[in-house]
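Before any comments, here is the structure.
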Amino acid sequence: MQLIDIGVNLTHPSLLKQVDAVIERAQAAGVMQLVLTGTTLEDSENALNLCLRLDAGEALFSTAGVHPHEASTWNAAAARTLRDLASQPKVRALGECGLDFNRDFTPRPQQERCFEEQLALAAELRRPVFLHERDASERMLAILRDYRDHLPAAVVHCFTGERKALYGYLDLDLHLGITGWICDERRGLHLHELVGQIPVGRLMLETDAPYLLPRTLRPKPRHGHNEPAFLPEILRTVARLRNETPEQTALHTSATARAFFGLPEIAVPERIEEFD
């Protein structure tokens, strides 16, 4: 049994300073493949370089995109750079892109323009999309409807929305990424019912490390940061809420991630101990 973490901010300083150990701990926990998230063009280039520097095999891949917080940086030159990044074999999706009407760090018209142009590029290149959405599901759905038929696939990363948003995304045949938010008794309880309504083949797991440390994790790490090695805690919570065994959930979420990102099969070293 092996897991795939579809959203890791491995370029974050808290992880980058111990990157070899982070990857080693992930693999020891059965998390055999990581998709590194790109949130700016510089960050996307750094994520790609990490993949190339650290992985001569089939363990590390990345996305490339411009997050809505950074939408004010989007221009024609940025679009050309993103097109070049998308041509790299290790880059398996465009994004993190989308809309964030919760924090509104960038004016909404700029967010929408940046988002739509990245969707258009993904449609042209036939690349899947890694989506960010906060308090913007209705507007995101409205924009996505114009592009969905031309996109091979799209995943709403770190889904935290309500039932209406979930059903809207499923109606558009989107994938959903679930993080440690579901382990948070303060704000994730509504996901407990909803996660069981995500069909097999549409659900994937992610840590969004170093963010969203699962609050149910015991013992908690002294450094307080999330990392891919803690993905099994999210797995156990999701499996329980779906009335599945951890093995069943691991099997279908990993198969879905592998198909979505076009990841290769990878052999699991015999020394790795699987879930307790």
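For (1) under 19 Å from the mean Cα position of the chain (by Cα); (2) of a type in the set (Val, Ile, Thr), each residue gets a yes or a no:
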{"position": "VAL19", "(1), (2)": "yes, yes"}
{"position": "LEU36", "(1), (2)": "yes, no"}
{"position": "THR63", "(1), (2)": "yes, yes"}
{"position": "ALA79", "(1), (2)": "no, no"}
{"position": "LEU82", "(1), (2)": "yes, no"}
{"position": "GLN88", "(1), (2)": "yes, no"}
{"position": "CYS97", "(1), (2)": "yes, no"}
{"position": "GLN118", "(1), (2)": "yes, no"}
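For segment 206-219, does any single residue satisfy the condition of being in contact with an Asp or Glu (Cβ under 7 Å, 6 or more places away or on another chain), small (Gly, Ala, Ser) and under 26 Å from TYR169 (Cα atoms)?
Checked against the condition, which is being in contact with an Asp or Glu (Cβ under 7 Å, 6 or more places away or on another chain), small (Gly, Ala, Ser) and under 26 Å from TYR169 (Cα atoms), segment 206-219 yields at least one hit.
Any residue in segment 95-124 that's basic (Lys, Arg): show its pairings with residues that are part of a strand (DSSP E or B) at Cβ separation under 8 Å, as long as the two are six or more apart or on different chains.
Within 8 Å, the pairs are ARG103/ARG134; ARG108/LEU99.
For residues in segment 121-140 being assigned to a loop (DSSP other than H, G, I, E, B) and farther than 11 Å from LEU151 by Cβ, which is most open to solvent (accessible area, probe 1.4 Å)?
ASP135
For GLN197, which of the numbered conditions (1) in contact (Cβ under 8 Å) with a residue 40 or more places away in the chain; (2) more than 22 Å from GLY57 (Cβ to Cβ) fails to hold?
Among (1) in contact (Cβ under 8 Å) with a residue 40 or more places away in the chain; (2) more than 22 Å from GLY57 (Cβ to Cβ), the lone unmet condition for GLN197 is (1).
Can PHE159 be described as touching a residue at least 12 places away in the same chain (Cβ under 8 Å) and in a helix (DSSP H, G or I)?
For PHE159, the condition - touching a residue at least 12 places away in the same chain (Cβ under 8 Å) and in a helix (DSSP H, G or I) - is not met.
So which of ASP55, ASP20 ends up being closer than 26 Å to THR256 by Cα and either among the aliphatic types (A, V, I, L, M) or out of contact with any strand residue (DSSP E or B) (no Cβ under 6 Å at 6 or more places or on another chain) (or both)?
Matching residue, one of ASP55, ASP20: ASP55.
Are any of the residues in segment 176-196 in contact with a Gly (Cβ under 8 Å, 6 or more places away or on another chain), surrounded by fewer than 23 Cβ atoms within 10 Å (Cβ to Cβ) and in a helix (DSSP H, G or I)?
Within segment 176-196 (the criterion being in contact with a Gly (Cβ under 8 Å, 6 or more places away or on another chain), surrounded by fewer than 23 Cβ atoms within 10 Å (Cβ to Cβ) and in a helix (DSSP H, G or I)), the answer is yes, since at least one residue qualifies.
Filter segment 162-175 down to the residues that are among the charged types (D, E, K, R) and assigned to a helix (DSSP H, G or I) and list them by number.
The answer is ARG163, LYS164, ASP171.
Quick test of your reading of the structure: HIS175 fulfils all but one of (1) without any contact (Cβ under 8 Å) to a residue 60 or more places away in the chain; (2) under 27 Å from ARG126 (Cβ atoms). Name the failing condition by number.
(1)
Say we look at segment 219-267 and pick out the residues that are basic (Lys, Arg) and modelled with pLDDT under 95; which of these is most open to solvent (accessible area, probe 1.4 Å)?
ARG222
The values are calculated or read from the model by the stated rules, or taken from the named source; none is laboratory data. Source: prediction; values computed, not measured. Neighbour counts are summed over all protein chains in view; Cβ atoms, including those assigned to glycine, are modelled from backbone coordinates with ideal geometry. All accessible areas refer to the heavy atoms of the entire protein, side chains included, with ligands and DNA or RNA removed. Shrake-Rupley method; radii C 1.70, N 1.55, O 1.52, S 1.80 Å.
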